[in-house]
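The structure appears below as structure tokens.
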Amino acid sequence: MDFVLPPEIEDYRIRIRRFVEEWLIPLEADRANYDEHENIAPHVLAEMRRQAKAEGLWALQMPKSVGGQGLPRIGMAACYEEMNRSIFGPVVFNSAAPDDGNMMILDRVLPDAMKEEWLLPIVRGEAQSAFAMTEPDGCGSDPNLTYTRAERMGNDRWRITGRKWFITGAGNARIFIIIARTSDDERKGLSAFLFKSDTPGWRIVRRIPIMGPEEHGGHCELEFNGLEIPDGQRLLNIGDGLKVTQMRLGVARLTHCMRWTGLARRCLEIAMERIKQRDSFGMKLIDRESVQGLIGQAAMEIEIGRMLTMRAAWALDQGSFARKEVSMAKIVVADALQKSVDTALQLLGARGYSKDTVIEWIYRYARQARLVDGASEVHRMVLANLLRAEGDGFFRWGEAGRG
Ligand SMILES: Cc1cc2nc3c(=O)[nH]c(=O)nc-3n(C[C@H](O)[C@H](O)[C@H](O)COP(=O)(O)OP(=O)(O)OC[C@H]3O[C@@H](n4cnc5c(N)ncnc54)[C@H](O)[C@@H]3O)c2cc1C
């Protein structure tokens, strides 16, 4: 066993790091590079994406056959972390949620003949996508509460009625995946469908104002009032909605952890730079034991989360569902991100509370980490259930293919 990255992955990691250092971090300081929702401005994004493509750093998670770089999950873990040292990073390399998770699931479940229409525009960066599952007072932590329905009309069409909310990117997305109820069966009651934004029968009720900066297209509430979807746009079989969701979220949750680790590291970088030169009562802040305690603890928590993330990535590469590993990583990295940004803000003093650094941006963004893609409490419940089912086997060392 060793913890050394394979040379090909190390090469990608170094190139991403250089790109972020040279091009993206400098953009953060100028408000002109932001849109009105505090994300990278579209014209700046277009130029950076062009450059990332030219340098062969585009869509690391996608197979080479569809225009990506074909990195395994462990390679993604190393590189996504580097990308998100900049708040602008992931979207520049086409590795931001929700397109990232949507591309990976569509690549797995779509027949090849449908990929040109539904997958490749997202891979090329020509279309944004959204994943619509959560509902106001319905599906949230518990997917069995889903009330949005897909009713069959004859053999070849479905009619969707209901409501979704917090759908990231929906304001800009052209390609949607929607989860809807097709029967009352507890395990096989949900199905997954694709539709395009220009299909009649649905509307965006509002872009929900949120605490943090927003992804392009925001987080929207949607109403479905007779949207018709051809049966050919169903993903997998009728009743496989939960399966599609689990397949998508398993990896997508982990890619959040990969990115958040980079953000957390950036917070400590900013804090370290400051405490190395800031004086207080006759010494540098970094020489104070109480400050060392704060920074050392945060660094350790990042490393714990990072190890769990890499182990989960390895397990996914072995063909496991890695449910236990992903849940643990998700809980720990979400906490490590909040701990790191809070520590950095504290050590920067008033400057940390200003918009002179990206710390306040990350602080507001970070709070969602304990909610999205499964609240931490729900992941702890999953772990408890696995421990109950597996007993001592819960602590086994990795075995290829077991999940
Ligand atoms: C920024 C952001 C982006 C999002 N993007 C998307 C998206 O693109 N598509 C999409 O479909 N959804 C999206 N969501 C929704 C997100 O996935 C849900 O918020 C999440 O699944 C929790 O569901 P809920 O909000 O309904 O909380 P609820 O299910 O109402 O839970 C509320 C709280 O109750 C507690 N709780 C719930 N169940 C349990 C339990 N079993 N044990 C212990 N405690 C529990 C937890 O503390 C939880 O936070 C997004 C949310 C946010 C904040």
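Each row is one residue, and each column tells you yes or no for (1) of a type in the set (A, V, I, L, M, F, W, C); (2) more than 9 Å from the ligand (Cβ to nearest atom); (3) more than 18 Å from Gly232 (Cα to Cα).
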position	(1), (2), (3)
Ala113	yes, yes, no
Glu117	no, yes, no
Leu145	yes, no, yes
Ala150	yes, yes, no
Arg159	no, yes, no
Phe166	yes, no, yes
Thr182	no, yes, no
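Can you tell me how many residues in segment 30-40 are under 20 Å from the mean Cα position of the chain (by Cα) and surrounded by fewer than 18 Cβ atoms within 10 Å (Cβ to Cβ)?
Number of matching residues: 2.
If I filter segment 317-327 for residues that are under 21 Å from Arg266 (Cα atoms), crowded, with 16+ Cβ neighbours inside 10 Å and not aromatic (Phe, Trp, Tyr), do I get at least one hit?
Checked against the condition, which is being under 21 Å from Arg266 (Cα atoms), crowded, with 16+ Cβ neighbours inside 10 Å and not aromatic (Phe, Trp, Tyr), segment 317-327 yields no hits at all.
Only one of (1) buried (at least 22 other Cβ atoms within 10 Å of the Cβ); (2) touching a Ser or Thr at 6+ places or on another chain (Cβ under 7 Å); (3) in a helix (DSSP H, G or I) fails for Leu60. Which number is that?
Every listed condition holds for Leu60 apart from (3).
In the set Ile204, Ile238, which member is hydrophobic (A, V, I, L, M, F, W, C), in a strand (DSSP E or B) and more than 12 Å from the ligand (Cβ to nearest atom)?
Within the list Ile204, Ile238, the selection yields Ile204.
In segment 181-193, is there at least one residue being among the polar types (S, T, N, Q), within 26 Å of Arg31 (Cα to Cα) and surrounded by 15 or more Cβ atoms within 10 Å (Cβ to Cβ)?
no
For segment 209-222, indicate whether the set of residues that are within 16 Å of the ligand (Cβ to nearest atom), closer than 21 Å to Thr245 by Cα and among the aliphatic types (A, V, I, L, M) is non-empty.
So far as segment 209-222 goes, yes, one or more of its residues are within 16 Å of the ligand (Cβ to nearest atom), closer than 21 Å to Thr245 by Cα and among the aliphatic types (A, V, I, L, M).
Within the set of pairs 6 or more residues apart or between chains, which connect a residue that is among the hydroxyl-bearing types (Ser, Thr, Tyr) inside segment 12-24 to a residue that is part of a helix (DSSP H, G or I) and crowded, with 18+ Cβ neighbours inside 10 Å with Cβ atoms less than 6 Å apart?
The qualifying pairs are Tyr12/Cys79.
For segment 338-363, how many residues are buried (at least 24 other Cβ atoms within 10 Å of the Cβ) and out of contact with any Cys (no Cβ under 8 Å at 6 or more places or on another chain)?
1
Taking helices (runs of 4 or more DSSP H) that fall entirely within segment 89-171, which contain at least 3 residues that are surrounded by fewer than 24 Cβ atoms within 10 Å (Cβ to Cβ), of a type in the set (D, E, K, R) and out of contact with any helix residue (DSSP H, G or I) (no Cβ under 9 Å at 6 or more places or on another chain)?
In segment 89-171, 112-118 are the helices (runs of 4 or more DSSP H) which contain 3 or more residues that are surrounded by fewer than 24 Cβ atoms within 10 Å (Cβ to Cβ), of a type in the set (D, E, K, R) and out of contact with any helix residue (DSSP H, G or I) (no Cβ under 9 Å at 6 or more places or on another chain).
With within 12 Å of the ligand (Cβ to nearest atom), assigned to a helix (DSSP H, G or I) and in contact with a helix residue (DSSP H, G or I) (Cβ under 8 Å, 6 or more places away or on another chain) as the only criterion, which of Thr245, Thr255 stands out?
Thr245
What are the residues in segment 352-402 that are hydrophobic (A, V, I, L, M, F, W, C), within 16 Å of Ala336 (Cα to Cα) and within 16 Å of the ligand (Cβ to nearest atom), if any?
Result: Ile362, Ala366, Ala369, Leu371, Val372, Ala375.
Does segment 221-244 hold any residues that are surrounded by fewer than 21 Cβ atoms within 10 Å (Cβ to Cβ), touching a residue at least 60 places away in the same chain (Cβ under 8 Å) and within 13 Å of Lys188 (Cα to Cα), and which are they?
Hits for segment 221-244 are Leu236, Leu242.
All of the numbers you see were taken from the coordinates with simple rules; none came from a lab. These figures come from a predicted structure and were not determined experimentally. Every residue, glycine among them, receives a Cβ derived from its backbone with ideal geometry; neighbour counts consider all protein chains shown.
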